[in-house]
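Visitor: After the structure tokens below, expect a handful of questions from me.
The values are calculated or read from the model by the stated rules, or taken from the named source; none is laboratory data. On a predicted model such as this, the values are computed, not experimentally measured, just so you know. Counting neighbours? That spans all protein chains shown, and the Cβs are built from the backbone with ideal geometry, glycine included. What goes into the accessible areas is simple: the full protein's heavy atoms, side chains included, and nothing from ligands, DNA or RNA. Shrake-Rupley method; radii C 1.70, N 1.55, O 1.52, S 1.80 Å.
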Amino acid sequence: MVALVSKYGLLAVFGGTLIEGEGILIVAATLSEQGVLDPVHVWVAASIGAWFGHLFWFTTGRAIRGRRLASGSAAFWGRAAKVKRLIEARPVTSIVLLQYLYGLRLVGAVAFGLTELSLLRFALYQIVNCLVWAGLIGGVAYLLGGLVTEIFQGWFKCIWMVASAGLVVLLLRFVDRLLERIKT
């Protein structure tokens, strides 16, 4: 990935975040710390790439909405309906959660397309979400330099992803409880 980003620069960042996300952003941010790329341009290119990727997969979900694409038991479809209701009831929380759970970013966008959430609302939420995501992931990689590329290699990557998913879940539960207290 380093060779790809070094050769194609911001185009590689845009394309990589359109498809995958974290890996290419981490490499680009590390290279920007070394002076190869401008960090603000990396942030913008990653945000725009991620945003377009989300919109593509959302519209894919919207195109297949209502079609029965897979068979499953009544219990499976009951759980799927429950997840759909949860997403529709708390779209912002769901968008943030799926953004930071490794491997669920694009699958989550398809899931949102299957719901009643409007494309405009999804797109607006994702603008903020992608800017924050690229700033957070890119910022950490920029500050830690080459260390972050070592972290995201081998078995430590799995530990890192599980720990980050756990932290996101705990943070979202805390925010939900705080919002409920404020409402009452």
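Visitor: Accessible surface of Leu98 in the full protein assembly, 1.4 angstrom probe, to the nearest 10 Å²?
Guide: 30
Visitor: Within 10 Å, count the other beta carbons around each residue, average over each peptide in 123-130, 11-18, 54-61, and list them highest first.
Guide: 11-18, 54-61, 123-130
Visitor: List, in order, the whole-Hz ³J(HN,Hα) value for each residue of the stretch 12-22 obtained from phi through the Karplus relation with A = 6.51, B = -1.76, C = 1.60 and θ = phi - 60°; use x for Gly and Pro.
Guide: 5, 5, 4, x, x, 7, 5, 9, 10, x, 4
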